[in-house]
């Protein structure tokens, strides 16, 4: 029974990223007023938006998450090389949506991801976007050993984002996901993991910042949505109706909500619409097998 529940949570996390991304992709860069005027309150995955998405089409959030997942599955002990190779393969496919920092790193990459990230930070005079947070969930799903999880979480962030605030957010996020996989309470886990960090405070109230692509702003909104929702659907719908960087906020919040509530609690009206279901299913099965393998040990 516990193993079935673990798989349900892992699959819920992977699908949660994709659903939050596809739903929020419709309203990305819109204001709440514009969303209300056009959609009322967006509840379904309808596509469109600035990227002219097909219903169920995902953006860079999900595609880079899969790059991380598939890189880990190829070489769990040393996953950065296959993750990076997957990034470049995806980049060469000319995706509709790619973040400024990540695009700059890809253009600067010459065999060393960390050097490219430093150069991008210097050139852009910042690298505090949410692009490494949006893709890091597979690390928490894959590694039962907490030290391995935190190490790979930080490294995958540093491949493109030199700013320490990105690595910090990724580690906190992964710690929350790690505990949710153990069936710990969502609210108690969030409150515990943000204690002593810059996100501590009255996060039940709406953040006093825009739902922007700055990683700190993004993560504040993610935490707020998770703490003020009572279902998976409520989390991703609230994210989509924020506007701003709604697809990324939806993907990040949806990942944790998917783990917490489980795939079995996600409405089929969301999950069945996603266009890349086969690839999501393969990633979920692979991550489950890796995590539950005897070599790693779930209780380690």
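The values are calculated or read from the model by the stated rules, or taken from the named source; none is laboratory data. All values reported here derive from a predicted model rather than from experimental measurement. Cβ sites come from the backbone with ideal geometry, for glycine too, and all protein chains shown count toward neighbours.
Here residue 77 clears all of (1) touching a helix residue (DSSP H, G or I) at 6+ places or on another chain (Cβ under 7 Å); (2) at pLDDT 95 or above; (3) not in a helix (DSSP H, G or I) except the condition numbered (1). Reported count of residues in the range 23-38, each being over 14 Å from residue 252 (Cβ atoms), in a helix (DSSP H, G or I) and in contact with a helix residue (DSSP H, G or I) (Cβ under 9 Å, 6 or more places away or on another chain), is 1. Would you confirm, using the coordinates I've provided, whether residue 287 is out of contact with any strand residue (DSSP E or B) (no Cβ under 7 Å at 6 or more places or on another chain) and either surrounded by 16 or more Cβ atoms within 10 Å (Cβ to Cβ) or modelled with pLDDT under 95 (or both)? When the stated conditions are applied, residue 287 passes them. Being crowded, with 17+ Cβ neighbours inside 10 Å, touching a strand residue (DSSP E or B) at 6+ places or on another chain (Cβ under 7 Å) and modelled with pLDDT of 95 or more holds for only one residue in 59, 26, and it is 26. Determine if the range 124-132 includes at least one residue that is farther than 24 Å from residue 175 by Cβ and crowded, with 17+ Cβ neighbours inside 10 Å. The answer is no, given that none of the residues of the range 124-132 is farther than 24 Å from residue 175 by Cβ and crowded, with 17+ Cβ neighbours inside 10 Å. One residue stands out in the range 159-175 among those that are within 21 Å of residue 73 (Cβ to Cβ) and touching a helix residue (DSSP H, G or I) at 6+ places or on another chain (Cβ under 6 Å): the one that is surrounded by the fewest Cβ atoms within 10 Å (Cβ to Cβ), namely 159. Does residue 31 meet the test of being surrounded by fewer than 14 Cβ atoms within 10 Å (Cβ to Cβ), touching a residue at least 12 places away in the same chain (Cβ under 8 Å) and more than 17 Å from the chain's Cα centre (by Cα)? So residue 31 fits the description; yes.
If I filter the range 43-60 for residues that are closer than 27 Å to residue 287 by Cβ and part of a helix (DSSP H, G or I), do I get at least one hit? Scanning the range 43-60 turns up at least one residue that is closer than 27 Å to residue 287 by Cβ and part of a helix (DSSP H, G or I). Residues in the range 247-282 that are closer than 21 Å to residue 49 by Cβ and under 12 Å from the mean Cα position of the chain (by Cα): 247, 248, 249, 250, 251, 252, 253, 254, 255. In the range 200-220, the residues that are touching a residue at least 60 places away in the same chain (Cβ under 8 Å) form Cβ pairs under 6 Å with partners that are buried (at least 18 other Cβ atoms within 10 Å of the Cβ) and part of a loop (DSSP other than H, G, I, E, B), at six or more places apart or across chains, as follows: 213/130; 213/245; 214/128; 215/128; 215/130; 215/133; 218/130.
Going by what's in this entry, would residue 273 be described as closer than 22 Å to residue 10 by Cα, in a helix (DSSP H, G or I) and out of contact with any strand residue (DSSP E or B) (no Cβ under 6 Å at 6 or more places or on another chain)? Taking the combined requirement at face value, the residue does not satisfy it.
Can you confirm whether residue 187 is within 18 Å of residue 257 (Cβ to Cβ) and part of a helix (DSSP H, G or I)?
Taking the combined requirement at face value, the residue satisfies it.
Within the range 197-244, the set of residues being touching a strand residue (DSSP E or B) at 6+ places or on another chain (Cβ under 9 Å) and crowded, with 24+ Cβ neighbours inside 10 Å comprises 215, 218.
The set of residues in the range 134-175 that are part of a loop (DSSP other than H, G, I, E, B) and within 20 Å of residue 114 (Cα to Cα) comprises 134, 135, 136, 159, 160, 161, 162, 163. Selection within the range 104-114: residues that are assigned to a helix (DSSP H, G or I) and in contact with a helix residue (DSSP H, G or I) (Cβ under 8 Å, 6 or more places away or on another chain). The member of this set that is surrounded by the most Cβ atoms within 10 Å (Cβ to Cβ) is 105.
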